[in-house]
Amino acid sequence: MTDGGLSQPVTALRGVGPQLAQHLARLGVERVVDLLFVLPLRYEDRTRITPIGSLQPGMRAVIEGEIQLVETVLRRRRQLLLRLSDGTGSVLLRFFHFSGQQAAALQRGTRLRLYGELRRGSAGLEIVHPEYRSVRAGEPLVDDRLTPIYPLTQGITQGRLRTLVDEALRRLRTTPPEDLLAPVLDTS
């Protein structure tokens, strides 16, 4: 019986090269099946968008709005600052680690949906390094289920690990193996 590719090395997955495979190995992931045993630390509710005007420091929330201002500043270190507004209020987004490509994609007028923890900054509420993506009109509003938060190691983001685990789960649904734990439990 075939295992749907679960026994293949993790490099068999699209976008996983030698460097990412090394990072995954630090999590104990060497084969596709190993992704099925990377269990979430917790789950977060990202199933609804919160209006920016109702945000409070310490909240974790999904917000959506349009970039009103983009600025790269050099304080103690280089920072990318964005002002995001939704008509009910605005919030500052602060990035310390960013690429030129990322900065070029985050331009005034771009609509973003993001998730992060709010804190009080010198210019009002801000979110440091939120998880974000660009959105277009007509896209589904939000996730329809709780979002898993996985243990990470340097070089792997939550989004990337979620995508890889989802791919392993798709393969499992396509061709369920007889027993994934049998090789682990075999004491002969």
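Bridges between two residues of the range 86-150, per DSSP, are antiparallel at a rate of about 75%.
Using a probe of 1.4 angstrom and keeping all protein chains present, the accessible surface of the chain works out to 61 square angstrom per residue. Roughly how many whole Å is it from the C-alpha centroid of the range 1-49 to that of the range 91-128? One Cα centre to the other: 28 Å.
Estimated from helices alone, the mean residue ellipticity of the chain at 222 nm is -5000 deg cm²/dmol (sum of -39500 (n - 2.57) over DSSP H runs with n ≥ 4, per residue). Pop out the carbon and sulfur fraction of the accessible area of the range 70-127 as a percent, whole number, probe 1.4 Å. Looking at the range 70-127 in its full context, I get 45 percent from C and S. Going by alpha carbons, how many degrees (0 to 90, nearest 10) lie between the helix axis of 158-174 and the longest principal axis of the chain? Relative to the chain, helix 158-174 is tipped by roughly 40 degrees. Under the convention that each Lys and Arg Cβ holds +1 and each Asp and Glu Cβ holds -1, the size of the dipole of the chain around its Cα centre is about 960 debye. In the range 40-150, the alpha-carbon atoms span a convex hull of 117 Å³ per residue. Could you pull out the trypsin sites (Lys or Arg not before Pro) across the range 1-98 that fall in loop regions by DSSP (anything but H, G, I, E, B) with no more than 13 other Cβ atoms inside 10 Å? Here the trypsin sites (Lys or Arg not before Pro) that fit, given the DSSP loop and packing criteria, are Arg14, Arg26, Arg48, Arg75, Arg76, Arg77.
Over the chain, the Kirkwood radius and the radius of gyration, each from Cα atoms, give a ratio Rg/Rh of 1.05. Annotation: amide H-H contacts under 5 Å for Phe98 (H modelled 1.01 Å from N, sequence separation of 5 or more, or interchain): none.
The values are calculated or read from the model by the stated rules, or taken from the named source; none is laboratory data. These numbers come from a predicted model, not from an experiment. Please note: Cβ atoms are built from the backbone with ideal geometry, for glycine as well, and neighbour counts cover all protein chains shown. Note: accessible area is taken over every heavy atom of the protein model, side chains too, but ligands, DNA and RNA are not part of it. Shrake-Rupley method; radii C 1.70, N 1.55, O 1.52, S 1.80 Å.
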